[in-house]
Amino acid sequence: MAKSVAGGAPLGADDARQPLEDGRQVVETPSSGGVVLPQETPVVEPAASLNPFADLAALNLGANYTTDGVKVKRKLLALPMGSPDKKQFFRAIREETDFIARVYERPVPGDLKPTVYFVAPSLHSDPSLARVLKMVKLVRCVYHDTHAPFLWPISIGQRDNAWSRTALDIASAAADGYVRCVPDGRNGYAIELPEDPLGEPTWPELTRSEWFDLAFKGRVIDSFEHEAIRELRGAL
Amino acid sequence: MSPLDAVREFVSVDFEFSSPSGHRPTVRCLAAREHRSGRRHLLAYDELVRMKTPPFDIGPQTVVVGYFLSAEMSCFQQLEWPRPANMLDLFVEFRNQLNGHTLPLGFGLQGCLNYFGEPLIEEKEHWRDVAIRGPETADEWQGLMNYCMQDVDACVGLLPKVCAYLKTHDDLLRALLRGRYASAVADMQHRGVPIDMPLYSWVTGRLAEIGADVRNEINAKYGVFRADGSFSMANFRRYLIKENIAFPLDVDGDTPLMDEATWSDVVKYAPQLQELHQYRQTFEGTKNIGRLAIGPDGRNRVLLGQFGARTGRNTPSTTEFAFGPSKWTRSFIRPAPGMQLDYLDWRSQEIAIVAALAGDEAMMDDYRRSDFYLAFAIRAGLAPSDATKEKHRDIRAAAKVVCLGVMFGQSAYGMAAKLGISTTEAERLLRAHKRVYHRFWAWSDAAVDHVSVRGVIRTCFDWRLHRIASVDEAATKKQWRSVRNFPSQAHGAEMLRLACTYAADEGLPIVAPIHDAILIEASVGAMPVVSARMEALMRKASRDVLRGFEVDVEHTFTGDGERYVDEDGKEFFDRIMGIVGEPPDHPAALEQLPPKAPLVVKYMQ
């Protein structure tokens, strides 16, 4: 006889096949000290296979968090303004009417790029400003890779300038399909087109005025008291 | 209706056993209870060894239940019983529904009972001690078996509570998938990693004597130790400047951080510090060397700690596991005579995972090229299209830091510190990454959104991490980084478990899981076939996790009679061997093993 002990309720030889107080019965098996059977053994019919490998692909929930129903809407608080990145394809919105603005390019000490200010029409005629204002066409664009919107101000004051002329051509082409704008020395910009179509862009949910407001946020000159004007006049 | 209703029978099982460090378990007794029939089985060792199968059904209609089931499966192995068709580990399921939380009594059986308001099991320590030394009297035998039955009955009561979070049959199947890993773990713990015992004893027995010699040798290279052997921080700073190594500094921005985690991170991008790092690990106690858990057969066996990390990765002891301590010590690993080792690892596993999960075609395309980091640099315009690893070493190194850093949300500031470049330059690299892999970024941001909104993130096979609200700013920041990192790590863990499970089911000789790799051992003649099959299973596991996307597998063979070599540790190992010399061919070397304390009988109870 093995020296096993039948758990919390040790069983003697006399206990075999004797009913317990709760009505269950004890039986002996060849190798165990004792087995306690319940009064009734519920029978459960298996509903389906328990083998996870039977159809493992069906158990794969994926992990594409971008399509799982959690929607977070991003609200833009600002938009970049400038020429397109030469490495990225972009599209431009085809405008029914061009939006022409006058801007003031305020030099930034230590930076090659000036800060561009929108100047309110009421100030355009001021002789002290007229000489520094620049006429630009504002083109609304988005990049292909990131869908990031930006505003492209193209100078239109100097039609003989190769940079301006080619930029306008590229902006026009960008209204029809994705293009890339790459510097080409004295020729101005060159245009690069994808060999295969890149599909339609995802445009941001912004009105034209919202677009411009975000692009010129904090950079609107609507008074002669604006610090940029005061600086221009030597007041600061 | 609970998905558990579809199971004809559950059988909760528990063994009591003794398992001294590195040994296979010595089984004392088994307790089991069939849930629906109420049958119970209490058997002592001398009965168990006579049985060719368990005294209960282990067929396809029955699920075997346990708490930290790999321990039970190790006893199955030891008794040479066939493995159950279905396994469900209550530890794993309990952990899964609360992963991320910190529980007052942890995730062990007692912690689980406490969480569900069940009475705790008393006198655990006492009966654990009895199991280790072996019962000596009839009363002790009865007491131990009663105690064993208590654990079983605890599992019977816990099953519906722990598994209440499984709502569908598919949820149950995924739990059974997790449960099957216990059997693979038991396989690996049973085999153990082969250790060159004469070498191990010889070298570890002399470490105390050779510290000064090693220090003097490496000081010629680093110049950071004073004549009295103390570490000079001023000299170390000078060395860092000379080598142009960006080393993380303390909060005052003055003193290099000297903790192990910082050093482990730094040597990844400043490999010239490897030897100094390994010297510190070996002789300054930042890692415990010479405490591997080795059995009398010269095999290293440890509890592999399945699902021990929040990501679901294994967490074996870093001092007792052969792959835990300083990398040079991996050369103590040597295949048994007539055998070979193959270390198969998934190439750039984490990159492949995020590329596939995010559906980022550009990233997947770059992964398929031989050098992902260089492919990124070229795509981003950071390197010319004909760039090579040799000619564009610096930009490749920078690309690697960026590509790996973004996976756990590292900032441009952190990358700049690692690369020794300006933050502006690091931001430029980061922008380039965002531009070329914008789908990855949209997916990674969505993962963060997902956790923000739902409070939980999960893998494809439903391993979960819960976000815990915390007022601790540093903890919160760390948690968000964990969220970013979770998909790559947790799916890596899924892949490893799946591959190990496939291999165990086919009886392949898996020896150890190592993060993104699996070590196998086979005879010289069998290795080509075994190795090829293991690779096929690892590739299949990657396709199963990533819905068809295949992750490459690379091999590192260790031939019969050779020592395992980790490239990062080779130089230091050779230096050590240059000082101590080869071990004399004398059996006395075998007697110098340090004494081992017995391990606790059950993990985390």
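The values are calculated or read from the model by the stated rules, or taken from the named source; none is laboratory data. Since we're looking at a predicted model, the values are computed, not measured. All Cβ positions, glycine included, derive from the backbone under ideal geometry; neighbour counts span all protein chains shown. Keep in mind that these areas ignore ligands, DNA and RNA; they rest on the heavy atoms of the full protein, side chains included. Shrake-Rupley method; radii C 1.70, N 1.55, O 1.52, S 1.80 Å.
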Where residues in segment A:63-88 are without any contact (Cβ under 8 Å) to a residue 12 or more places away in the chain and surrounded by fewer than 14 Cβ atoms within 10 Å (Cβ to Cβ), which of them is nearest to the other protein chains (Cβ to nearest Cβ)?
A:Val72
Pairs where the first residue, in segment B:16-27, is farther than 17 Å from B:Asp297 by Cβ and the second is of a type in the set (Phe, Trp, Tyr), C-beta under 6 Å, 6+ apart:
B:Val27/B:Phe15; B:Val27/B:Phe17; B:Val27/B:Tyr45
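In segment A:84-127, which residues are aromatic (Phe, Trp, Tyr) and closer than 30 Å to B:Arg428 by Cα? I'd like the intermediate steps shown before the answer.
Of the residues in segment A:84-127, the ones aromatic (Phe, Trp, Tyr) are A:89-90, A:99, A:104, A:117-118.
Answer for segment A:84-127, where residues must be aromatic (Phe, Trp, Tyr) and closer than 30 Å to B:Arg428 by Cα: A:Phe89, A:Phe90, A:Tyr104, A:Tyr117, A:Phe118.
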Can you tell me which residue among A:Val182, A:Val142 is more than 27 Å from A:Tyr104 (Cβ to Cβ) and modelled with pLDDT of 90 or more?
A:Val182
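Answer yes or no: is there a residue in segment B:72-83 that is open to solvent by 30 Å² or more (accessible area, probe 1.4 Å) and under 27 Å from B:Tyr165 (Cβ atoms).
Of segment B:72-83, the ones open to solvent by 30 Å² or more (accessible area, probe 1.4 Å) are B:77-78, B:80, B:82-83.
Restricting the remaining residues to those that are under 27 Å from B:Tyr165 (Cβ atoms) gives B:83.
The answer is yes; a qualifying residue exists.
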Pairs needed: first member in segment B:37-55, more than 7 Å from chain A (Cβ to nearest Cβ); second member anywhere, aliphatic (A, V, I, L, M); C-beta distance under 7 Å; at least 6 residues apart or different chains.
B:Tyr45/B:Val27; B:Leu48/B:Val27; B:Leu48/B:Leu30; B:Leu48/B:Leu79; B:Val49/B:Leu79
Looking at A:Tyr117, is it more than 26 Å from the chain's Cα centre (by Cα) and surrounded by 19 or more Cβ atoms within 10 Å (Cβ to Cβ)?
yes
Can you tell me which residue in segment B:379-405 is nearest to B:Tyr269 (Cα to Cα), limited to those that are without any contact (Cβ under 8 Å) to a residue 24 or more places away in the chain and among the basic types (Lys, Arg)?
B:Arg393
State the number of residues belonging to segment A:146-168 that are among the polar types (S, T, N, Q) and within 14 Å of chain B (Cβ to nearest Cβ).
1
Given the conditions (1) open to solvent by 20 Å² or more (accessible area, probe 1.4 Å); (2) closer than 27 Å to A:Leu133 by Cα, which single one is not true for A:Glu192?
(2)
Kindly evaluate A:Pro52 against the criterion of being of a type outside the set (D, E, K, R), assigned to a loop (DSSP other than H, G, I, E, B) and either without any contact (Cβ under 8 Å) to a residue 24 or more places away in the chain or surrounded by fewer than 20 Cβ atoms within 10 Å (Cβ to Cβ) (or both).
yes
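Conditions (1) among the charged types (D, E, K, R); (2) over 22 Å from the mean Cα position of the chain (by Cα), marked per residue:
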| residue | (1), (2) |
| --- | --- |
| B:Arg481 | yes, no |
| B:Ser488 | no, no |
| B:Leu496 | no, no |
| B:Ile518 | no, no |
| B:Val530 | no, yes |
| B:Ala536 | no, no |
| B:Arg539 | yes, no |
| B:Phe549 | no, yes |
| B:Asp560 | yes, yes |
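Hey, can you tell me all the residues within segment B:34-59 that are touching a Lys or Arg at 6+ places or on another chain (Cβ under 8 Å) and either open to solvent by 40 Å² or more (accessible area, probe 1.4 Å) or among the aromatic types (Phe, Trp, Tyr) (or both)?
Restricting attention to segment B:34-59, the residues satisfying the condition of being touching a Lys or Arg at 6+ places or on another chain (Cβ under 8 Å) are B:34, B:36, B:38-41, B:44-46, B:56, B:58.
Answer for segment B:34-59, where residues must be touching a Lys or Arg at 6+ places or on another chain (Cβ under 8 Å) and either open to solvent by 40 Å² or more (accessible area, probe 1.4 Å) or among the aromatic types (Phe, Trp, Tyr) (or both): B:Arg36, B:Arg39, B:Tyr45, B:Asp46, B:Phe56.
Could you list, in sequence order, all residues of segment B:482-516 that are within 11 Å of chain A (Cβ to nearest Cβ) and of a type outside the set (Asp, Glu)? Lay out the reasoning, then the answer.
Of the residues in segment B:482-516, the ones within 11 Å of chain A (Cβ to nearest Cβ) are B:483, B:486-488, B:490-491, B:494, B:498, B:501-502, B:505.
The answer is B:Val483, B:Phe486, B:Pro487, B:Ser488, B:Ala490, B:His491, B:Leu498, B:Thr501, B:Tyr502.
Given the criterion among the acidic types (Asp, Glu) and either farther than 16 Å from A:Asp85 by Cα or within 14 Å of chain B (Cβ to nearest Cβ) (or both), identify the matching residue among A:Asp184, A:Asp176. Working first, answer last.
Values: A:Asp184 fails: either farther than 16 Å from A:Asp85 by Cα or within 14 Å of chain B (Cβ to nearest Cβ) (or both).
Exactly one of A:Asp184, A:Asp176 is among the acidic types (Asp, Glu) and either farther than 16 Å from A:Asp85 by Cα or within 14 Å of chain B (Cβ to nearest Cβ) (or both), namely A:Asp176.
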